[in-house]
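Chemist: Before anything else, here's the structure in question.
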Amino acid sequence: MTPGRASAVPFYVALGLLGGLYVGLVAAMLIADLAYTSPGAVGRALASPEVRAAVWLTLLSCSASAVLSLWVGVPLGYLLARTRFPGKAVVDLLVDVPIVLPPLVVGLSLLILFQTPPGLALQQHLTVTYAVPAVVLAQFTVAAAFAVRTMRVTFEQISPRTEDVAMTLGCSRGRAFWLVTLPEARRGVLAAGTLAWARSLGEFGPILVFAGATRMRTEVLSTTVFLELSVGDLEAALAVSVLMIAVAVAVLVLTRALGLREAA
């Protein structure tokens, strides 16, 4: 071993020890959850009509939130990455607001928004507050910010040259985007959708404040854990937590399998 490499060993060992503390904490948390529950407890939790309803609403709302996040993330990410326009810095700042705001504040802000005259006028035709649309909107508000960030990085990494060449061959800007740039960004789109779905799965604070946690109506898996803890049923809360962990791990594995490790 060369002297340079030998002198680097203590440095890497120190880094490994410091980083290993966090990795060990995450591993310990997962092991503790698994140790305090069992497949039977998970089965009993899934046998509950309330939990099954929460599972279905979670799958539907997270999927709807992910789709809506892509509808916003792709165009806004492209604009932030490729164009200059008045107020760009303000838009860039506002996109980050749902990420840094406390979750309860996001939920409260949505609740207040739908108490304003425009919000009340909308609810005369569509009930949003404390209903299923509130669940989707609460998830979307936060998840879309992550989708925008992912798509912005994706478009920044794609050379605009191919799009410019397509335009010199007769394509309009929109057609060049659809035929050239968007296919090149497919991995980023998959990463953004996966990240938005996973973020929606873990959303709790905004849902609790804006949609409530009504059994068989607005209850999703994250609020199920809260409800079970509130009545002292630790076993059921842990069983649902393990189910959420399994889904989250499956999403991460899928992300890696699609070759999207950097984006995830």
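The values are calculated or read from the model by the stated rules, or taken from the named source; none is laboratory data. Remember, predicted model here, so these are calculated numbers, not experimental data. Here the Cβ is made from the backbone with ideal geometry for all residues, glycine too, and neighbour counts use every protein chain on show.
Chemist: Of the residues GLY170, GLY174, only one is assigned to a helix (DSSP H, G or I), over 20 Å from the mean Cα position of the chain (by Cα), without any contact (Cβ under 8 Å) to a residue 12 or more places away in the chain and assigned by TED's automatic domain parsing to the domain that holds THR218; which?
Modeler: Only one candidate qualifies: GLY174.
Chemist: Only one residue in ARG199, ARG187 is modelled with pLDDT under 90 and assigned by TED's automatic domain parsing to the domain that holds THR214, so which one is that?
Modeler: ARG187
Chemist: Picking from LEU30, LEU25, which residue would you name as being part of a helix (DSSP H, G or I), at pLDDT 85 or above and touching a helix residue (DSSP H, G or I) at 6+ places or on another chain (Cβ under 7 Å)?
Modeler: Selected residue: LEU30, the only one of LEU30, LEU25 that is part of a helix (DSSP H, G or I), at pLDDT 85 or above and touching a helix residue (DSSP H, G or I) at 6+ places or on another chain (Cβ under 7 Å).
Chemist: Whether any residue in region 180-198 is assigned to a loop (DSSP other than H, G, I, E, B) and not hydrophobic (A, V, I, L, M, F, W, C) is what I want to check. Break it down stepwise before answering.
Modeler: Kept after step one, since they are assigned to a loop (DSSP other than H, G, I, E, B), are these residues of region 180-198: 185.
Subset that is not hydrophobic (A, V, I, L, M, F, W, C): none.
There is no residue in region 180-198 that is assigned to a loop (DSSP other than H, G, I, E, B) and not hydrophobic (A, V, I, L, M, F, W, C).
Chemist: Here's something else I'd like to know. Quick one: what pairs do we get from region 198-227, first residue in contact (Cβ under 8 Å) with a residue 12 or more places away in the chain and within 14 Å of VAL128 (Cα to Cα), second among the polar types (S, T, N, Q) and part of a loop (DSSP other than H, G, I, E, B), C-beta under 7 Å, 6+ apart or different chains?
Modeler: PHE210/THR129; ALA211/THR218; GLY212/THR218
Chemist: Right, another one. Do we find a residue being under 24 Å from the mean Cα position of the chain (by Cα), in the same structural domain as ALA147 (by TED's automatic domain parsing) and more than 30 Å from GLN157 (Cα to Cα) anywhere in region 11-25?
Modeler: Checking region 11-25: not a single residue is under 24 Å from the mean Cα position of the chain (by Cα), in the same structural domain as ALA147 (by TED's automatic domain parsing) and more than 30 Å from GLN157 (Cα to Cα).
Chemist: Only residues that are out of contact with any Ser or Thr (no Cβ under 8 Å at 6 or more places or on another chain) and polar (S, T, N, Q): list them for region 116-145, please.
Modeler: THR116, GLN124, THR127, THR129, THR141
Chemist: Something else about it: Within region 87-133, work out how many residues are outside any loop (DSSP other than H, G, I, E, B) and over 21 Å from GLU203 (Cβ atoms).
Modeler: 12
Chemist: Under 23 Å from LEU76 (Cα atoms) and either touching a residue at least 24 places away in the same chain (Cβ under 8 Å) or of a type in the set (Phe, Trp, Tyr) (or both): is that true of VAL132 in this structure?
Modeler: Here the answer is no, as VAL132 does not meet what is asked.
Chemist: All but one of (1) more than 20 Å from the chain's Cα centre (by Cα); (2) surrounded by fewer than 17 Cβ atoms within 10 Å (Cβ to Cβ); (3) in a helix (DSSP H, G or I) hold for ALA250; which doesn't?
Modeler: For ALA250, the exception is condition (1).
Chemist: Here is a further query. Given the conditions (1) modelled with pLDDT under 95; (2) within 19 Å of the chain's Cα centre (by Cα), and given that ALA121 satisfies all but one, which numbered condition is not satisfied?
Modeler: (2)
Chemist: For PRO206, which of the numbered conditions (1) part of a helix (DSSP H, G or I); (2) modelled with pLDDT under 90 fails to hold?
Modeler: (2)
Chemist: Being among the hydroxyl-bearing types (Ser, Thr, Tyr) and surrounded by fewer than 17 Cβ atoms within 10 Å (Cβ to Cβ) narrows it down to one residue among THR141, THR127, THR154; which is it?
Modeler: THR127
Chemist: In addition: Evaluate region 236-243: report whether one residue or more is surrounded by fewer than 15 Cβ atoms within 10 Å (Cβ to Cβ) and under 20 Å from ALA45 (Cα atoms).
Modeler: Checked region 236-243: no residue is surrounded by fewer than 15 Cβ atoms within 10 Å (Cβ to Cβ) and under 20 Å from ALA45 (Cα atoms).
Yes or no, residue by residue, for (1) over 17 Å from ILE245 (Cα atoms); (2) out of contact with any strand residue (DSSP E or B) (no Cβ under 7 Å at 6 or more places or on another chain); (3) surrounded by 11 or more Cβ atoms within 10 Å (Cβ to Cβ):
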residue: ALA8; (1), (2), (3): yes, yes, yes
residue: VAL26; (1), (2), (3): no, yes, no
residue: LEU30; (1), (2), (3): no, yes, yes
residue: PRO39; (1), (2), (3): no, yes, no
residue: VAL55; (1), (2), (3): no, yes, yes
residue: THR58; (1), (2), (3): no, yes, yes
residue: SER61; (1), (2), (3): yes, yes, yes
residue: ALA64; (1), (2), (3): yes, yes, yes
residue: SER69; (1), (2), (3): yes, yes, yes
